[in-house]
Amino acid sequence: MRNFSDSELAEILDKDIFHKISQAADTLGVECYVVGGFVRDVFLERPSNDIDVVVVGSGIAVAQELKKILGKKAHVAVYKNFGTAQVKYRDTEVEFVGARKESYQRDSRKPIVEDGTLEDDQNRRDFTINALAICLNKDRFGELVDPFDGLYDMEDGIIRTPLDPDITFSDDPLRMLRCIRFATQLNFYIDDETFDALERNRERIKIISGERIAEELNKILKSPVPSKGFVDLQRCGLLELILPELAALDNVEVRNGRAHKNNFYHTLEVLDNVASRTKEHSPLPSSPSRGRAENTDSSDKKYYTADPMLYEKLKSFAKENRTYATPAESCLWEHIKSDRLGVNFRRQHIIKDYIVDFVCLEKQLVIEVDGAYHSEPRQAEDDKIRTASLEKLGFRVIRFTNDEVIGNTDEVLANIKTALTSCSASSCTPSLTEDSASSHQVYTKPPLEGEVGGGSGSLWLRWAALLHDIGKPKSKRWEVPQGWTFNNHNLIGARMIPNLFRRLKLPLDMKMKYVQKLVDLHMRPIIIADEIVTDSAVRRLMNDAGDDLDDLLILCEADITSKNQQRKAQFLDNYRLVREKLKDLAERDYKRLLQPVIDGNEIMEMFNLKPSREVGALKQCLKDAVLDNKVENEREPLMALLMQKAKEMGLLHPDFINK
């Protein structure tokens, strides 16, 4: 994330289309602002093609005036019922609307609209990060209007509503899903008061159509780390209302001292594994803090704790630490914000199970500012353990006392710059180790072994990952002596998918059948890793999976979430054997299908020939015919072709021809 002054924003908007909009608004004597997602993405340095313009007056009138200025190549569409207009010009689309205020009826999310001021229009926005506006009028071109400190929320990575969140979510319950979707896409966290309102208003989601819910779920699924969104949906109680089949997996039952794993968190880990193999998204956004522009380098990662609930507690502590920073921390942060260090820093950032004072993820450098109590023996020992853990993840840690930061700020900054110079971002690629995680692991994982898949579209492969175990609650049994079993959960889950897709108004075409197929077959591939499995069993899997075989194997490999490294390595090795078996059989079947059924030995016996050029010519004739699909690879048509070729070569005795 990057801070821009008004003059810098004017430079960013120094494009012909914005100046033409400015000219149209000034001609009509009305205020005009670019708002919403476009402005948000300017500060987040993300590409955005959606330009939304708010006019304090008639948005339609400004759109029509813009059309006159742009000429014949511009097209304007007016929607009088909604008071909006759209201008298309070359590859640019601009939406115009008049500033308005809204009110809602209890049983509908459709607003009652009245003309309003810019303030009214910003009040009705869903989140503070979407309520920013930049003036386009010539005398104020580039001026930022941010009444709710949305810029600060972006810098701190917070999703928060401009006004009372209970009113915001009750008025338009879809905003609850948008809240979680934005937090997932941007890698932000949801403000505590806002999250509490999600819980209080979750029942309001029932008035939202399946199509709109599915649209938001699809966007969460296509996020870099989709598990983050589904954890939030489960925590606030929305998941049980929109995807009860998935919410039912969040259960652990114990009998005779034996428990099964939590299949909800297992499913989310599988989903993240698949997401790392099917990148249908832009790079993982950073969770920014106030300072210079964030870099989206691959080393720029956010680390989740092993336990999602612990992570939520740490977020709360981090927020409190930012609010009540020590004088030394505030002093150092002011210098970081002023860009004196020339790189990206975050403050009070969570790494594994720790909150660090400052971190540059690009250079993998952690800065800790220590109070007097850090000199106590017990705290000093804790600091050593903490530093060792961070270094194990690839970070370098430097520490300063409060007195050093306050009394010798320039020297501290010089030492930090020296440390930054000696750090190499490319040599630091930290990742949480499997042995540090519990069954509730939801952090970003490195890509699994093998090539990238998702040939049928990674969104639907992700749906298959999300739903692959939904049959487990219905299939769960306690068997003696095996313990907990989930026999045929794949078949049960596959049967549940049509109703689920129908309820959410998801497509019931080949996309649904694709998801259903993968859920049904996801237990099959591991069976053929056994050496005694026959070729016919392998062929049946190839036939049943068809063109989706590689996607099926990606799902199955992603399904390996064991924390036992030896066991996990064995499973992955088994899947390597599966791929080898499939490849070997495919090659053998290919050769068998394309090798003519009449071979050289039969040709020599038929024409009383010895190995010779003539035999080779006859064999090549049959092979070419099969490869070119001129004849079926069957005895009768090949025999007719063979006789014709032999006759042309003068190899047939007249008596043989008469036969």
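The values are calculated or read from the model by the stated rules, or taken from the named source; none is laboratory data. Just so it is clear, the structure is predicted and the values come from calculations on it, not from any experiment. When we count neighbours, we look across all protein chains shown, and the Cβ atoms used for this are built from the backbone with ideal geometry, even at glycine. Areas reflect the complete protein model, heavy atoms only, side chains present, ligands, DNA and RNA absent. Shrake-Rupley method; radii C 1.70, N 1.55, O 1.52, S 1.80 Å.
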Legend entry - The one condition in (1) at pLDDT below 95; (2) under 20 Å from Phe127 (Cβ atoms) that Ile17 fails to fulfil: (2)
Inset, instruction - Give me a count of the residues in the range 71-97 that are in contact with a Phe, Trp or Tyr (Cβ under 7 Å, 6 or more places away or on another chain), more than 18 Å from Val34 (Cα to Cα) and in a strand (DSSP E or B). - result: 1
Inset, instruction - Please find, among Ala197, Ala183, Ala214, the residue that is within 30 Å of Arg502 (Cα to Cα), of a type in the set (Gly, Ala, Ser) and surrounded by fewer than 22 Cβ atoms within 10 Å (Cβ to Cβ). - result: Ala214
Legend entry - The one condition in (1) open to solvent by less than 40 Å² (accessible area, probe 1.4 Å); (2) farther than 19 Å from Gln122 by Cβ; (3) in a loop (DSSP other than H, G, I, E, B) that Pro47 fails to fulfil: (1)
Legend entry - Checklist (1) polar (S, T, N, Q); (2) closer than 20 Å to Asp589 by Cα; (3) modelled with pLDDT of 90 or more applied to Asn633, failing item: (3)
Inset, instruction - May I ask you to list pairs of residues, at least six apart or on different chains, whose Cβ atoms are under 7 Å apart, with the first in the range 618-644 being among the polar types (S, T, N, Q) and the second being outside any helix (DSSP H, G or I)? - result: Asn633/Pro596; Asn633/Val597
Inset, instruction - Scan the range 353-369 and report the pairs whose first residue is free of Cβ contacts under 8 Å to residues at least 40 places away in the same chain and among the hydroxyl-bearing types (Ser, Thr, Tyr) and whose second residue is open to solvent by 20 Å² or more (accessible area, probe 1.4 Å) and part of a loop (DSSP other than H, G, I, E, B), with Cβ atoms within less than 9 Å and a gap of 6+ or a chain change. - result: none
Inset, instruction - Given the conditions (1) without any contact (Cβ under 8 Å) to a residue 60 or more places away in the chain; (2) at negative phi; (3) in contact with a Phe, Trp or Tyr (Cβ under 9 Å, 6 or more places away or on another chain); (4) not hydroxyl-bearing (Ser, Thr, Tyr), report the number of the one that Gln348 does not fulfil. - result: (2)
Legend entry - Subset tally (residues that are open to solvent by 30 Å² or more (accessible area, probe 1.4 Å) and either in contact (Cβ under 8 Å) with a residue 12 or more places away in the chain or part of a loop (DSSP other than H, G, I, E, B) (or both)) for the range 152-180: 7
Inset, instruction - Return the residue satisfying two criteria in turn: it lies in the range 352-369 and is open to solvent by less than 10 Å² (accessible area, probe 1.4 Å) and outside any strand (DSSP E or B), and of such residues it is nearest to Ala318 (Cα to Cα). - result: Leu361
Legend entry - Complete set of residues in the range 245-268 that are assigned to a helix (DSSP H, G or I) and under 17 Å from Val519 (Cβ atoms): Glu245, Leu246, Asn263, Phe264, His266, Thr267, Leu268
Inset, instruction - Please give the number of the condition Tyr33 fails out of (1) modelled with pLDDT of 95 or more; (2) open to solvent by 40 Å² or more (accessible area, probe 1.4 Å). - result: (2)
Inset, instruction - Please name all residue pairs, on different chains or six or more residues apart, with Cβ atoms under 6 Å, provided the first residue is in the range 472-485 and is closer than 13 Å to Val252 by Cβ and of a type in the set (Asp, Glu) and the second residue is modelled with pLDDT of 90 or more and open to solvent by less than 60 Å² (accessible area, probe 1.4 Å). - result: none
Inset, instruction - Output the residue which, of all residues in the range 202-211 that are open to solvent by less than 20 Å² (accessible area, probe 1.4 Å) and part of a helix (DSSP H, G or I), is farthest from Phe317 (Cα to Cα). - result: Gly210
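For every residue, the table says whether it meets (1) open to solvent by less than 40 Å² (accessible area, probe 1.4 Å); (2) assigned to a helix (DSSP H, G or I); (3) at positive phi; (4) of a type outside the set (D, E, K, R).
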| position | (1), (2), (3), (4) |
| --- | --- |
| Ile598 | yes, no, no, yes |
| Asn601 | no, yes, no, yes |
| Lys610 | no, no, no, no |
| Val615 | yes, yes, no, yes |
| Cys621 | yes, yes, no, yes |
| Asp624 | no, yes, no, no |
| Asn629 | no, no, yes, yes |
| Glu636 | no, yes, no, no |
| Leu642 | yes, yes, no, yes |
Inset, instruction - Would you mind listing the helices (runs of 4 or more DSSP H) fully within the range 372-458 where at least 3 residues are at pLDDT 50 or above and open to solvent by less than 30 Å² (accessible area, probe 1.4 Å)? - result: 377-392, 409-422
Inset, instruction - Looking only at the range 573-580, decide whether some residue is open to solvent by 60 Å² or more (accessible area, probe 1.4 Å), under 30 Å from Glu240 (Cβ atoms), modelled with pLDDT of 80 or more and assigned to a helix (DSSP H, G or I). - result: no
Legend entry - Unique match (being out of contact with any Lys or Arg (no Cβ under 8 Å at 6 or more places or on another chain), open to solvent by less than 50 Å² (accessible area, probe 1.4 Å) and not in a helix (DSSP H, G or I)) among Ile470, Ile497: Ile470
Legend entry - Given (1) more than 30 Å from the chain's Cα centre (by Cα); (2) at pLDDT below 95; (3) open to solvent by 80 Å² or more (accessible area, probe 1.4 Å), index of the condition Gln23 fails: (2)
Inset, instruction - Only residues in the range 72-101 that are touching a residue at least 40 places away in the same chain (Cβ under 8 Å) count as the first member; pair them with residues that are in a strand (DSSP E or B) and among the charged types (D, E, K, R), Cβ under 6 angstrom, at least 6 apart or cross-chain, and list the lot. - result: Glu95/Asp52
Legend entry - Sole exception among (1) within 16 Å of Ile134 (Cα to Cα); (2) of a type outside the set (Gly, Ala, Ser); (3) open to solvent by less than 70 Å² (accessible area, probe 1.4 Å); (4) not in a loop (DSSP other than H, G, I, E, B) for Glu11, by number: (3)
Legend entry - Number of the condition not met by Gln482 [criteria: (1) open to solvent by 50 Å² or more (accessible area, probe 1.4 Å); (2) at pLDDT below 85; (3) of a type outside the set (Lys, Arg)]: (2)
